[in-house]
Every structure is written in structure tokens, then in C-alpha cells.
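Before any comments, here is the structure.
Nothing in this text is a laboratory measurement; each read-out follows from the coordinates by a stated rule. As the structure is a prediction and not an experimental result, all values here were calculated from the model. Methodologically, a virtual Cβ is constructed for each residue, glycine included, from the backbone with ideal geometry; neighbour enumeration extends over all protein chains shown.
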Amino acid sequence: MKEVTCLCGWSTRGTDDEVVAALTAHAWEDHGIRKTREEILANAIPVEG
Amino acid sequence: MEHPERAPLVEIVPALSNVAWAPDIVVQSIEPLFVYLGPDGPRHLRPIHAPSLRLGMRPDQQPGTVVVQAAARYGLTPLLVHSTSWRFDAGRVVLTYVAAVAPPGPEPNENLADEPVERAALARGDAFAPPPTIDVAQVLEHAFRHLAWLVKDDAEVRAALPDWVTFLSAYEPEPFRAFGAPPG
């Protein structure tokens, strides 16, 4: 399990694929920016499931 | 009948917890509350898409350092960071840090909403249970009451927040407020 928190406070946790999908959508829909999978996972922290 | 001097020295009882101590068990949510003192009173710099910021913490990190680093990410200058409360929320322990920061510049970070801090009634539980709900306004109220006590009791806090002393005097220290006026 991974967790990532956006500077705007939005947060998500899940598998690598779930986190990437959720943050990709958030970054584009709420901030109009695109993030790569590598960028997203580089900022994700492992958490207990 | 057992002689007192032959009584077992150690009584074996069931384990108090079923979770072993481990270096990888950490508080997973640090909640920094960025506040500054504006001309008209305290202001909360809230993340625009959440009531408060929740940060994960790796086992090799200190929570205060996490808060200071987070403040830097928003271009804020911390004056003091201090843990003021914790609560259990959605299966996680949330450790709250109030982060008193210098007033932001003319172009504050776009991810933060600048809002006044209003007074709030404290969330109260009973003798064995926490309040059923706690919102961020109540956490901030508790934090300011905590600082109001510290600014009188702790020289380091007073030195870090010289401009806050007058404002914080409006927040009667929590240990005395709860008991009300003395009898008689």
C-alpha cells in the first residue's frame, strides 16, 4: 500500500496502480497538470494496508 | 496458606497488547495546522481541498521535522511548531502540530486558503472515550489554549512568539477553564 498527499490537501492511498490512477485524475482535473507514474510513486510513502 | 516471603515475585498475566513493538510502527498522520497572526487576529492557512493537511511519516523521521519541511514546501517561515493534541480518526492516530508561521508574503501559496480562526467550543468526551466528532476548528481552539499556557510557562515559546502574547491571553489556559471558578 502507498499513500500520497497533494499540496492542496487531497490524499489517497492504495496499490501503486490505484494511487497512480487517482492522483493522475486529481492532478489533471483539479490542477490542470500531468504527472508521470514515476513522479507520483517517487512521492508516495509505504503505509500499512 | 502461602508464606508472604514465598509469594511469586512476578505475576504472569496475559499480554496487554497483541501488537508487538516494532520500529516500523509509527504514527502515520501528522496534521500540521499553519496559523499566523494577522492585523485582525489569527488566521489559518488551510489546504484548499481538505479541512487540514495529513502527512505520512517514515520511521526515520521526526514529526517536528516533517512539519517544518511541509511549511517550507508552502513557502512559509515557521516561528514555532508544537504538538498540541492527538486523536483517533478513521483507524489512524492523527498527531496535530500547530505551526505558528510568519505572515505570508503578498503572493501566498495557491494551495492554501487564508481563513480567520473563530472561537469554538471544545470537543469533549467522557471519562473513557473521546468526543464522538472533532472538527478542525475545535482542534485549533485547543491548540491556542495550549499555546496560551505555554507562552506563560515556557520561555522558549514566549521568545518564539513575542507578538502572540497579547492575543493568546484571550485563551484562558485549558487546565483551569474546565474546572470553572473555585467554590465559595
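Data table
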{"read-out": "Total charge dipole magnitude, the range A:2-46, about the Cα centre, Cβ charges on Lys, Arg, Asp, Glu only, Debye to nearest 20", "value": "60"}
{"read-out": "Footprinting exposure proxy for B:30, A:33 (fewest neighbouring C-beta atoms within 10 Å first)", "value": "A:33, B:30"}
{"read-out": "Using alpha-carbon coordinates, inclination of helix A:16-31 to the longest axis of chain A, degrees", "value": "20"}
{"read-out": "Residue B:121-residue B:167 pseudo-label distance in nm [points 7 Å out on the Cα-to-Cβ vector]", "value": "2.6"}
{"read-out": "Anisotropy class of the range A:2-46 from Cα gyration tensor, a/c 1.5 cut", "value": "prolate"}
{"read-out": "Shielding score for B:40-53, defined as the mean number of other chain Cβ atoms within 10 Å", "value": "3"}
{"read-out": "Net length gained if the chain between residue B:128 and residue B:90 were fully extended (0.36 nm per residue, minus Cα distance)", "value": "11.8 nm"}
{"read-out": "Chain A and the range B:32-90: distance between their alpha carbon centers, rounded to Å", "value": "20"}
{"read-out": "Exposure proxy order (Cβ contacts within 10 Å, fewest to most) of B:88, B:34", "value": "B:88, B:34"}
{"read-out": "Residue order, fewest to most beta carbons within 10 Å, for A:20, B:66", "value": "B:66, A:20"}
{"read-out": "Packing rank of B:102-112, B:38-48, where each peptide gets the mean count of other beta carbons within 10 Å, highest leading", "value": "B:38-48, B:102-112"}
{"read-out": "Cα gyration tensor shape of the range B:40-105, rounded if a/c is under 1.5, else prolate or oblate by comparing a/b with b/c", "value": "prolate"}
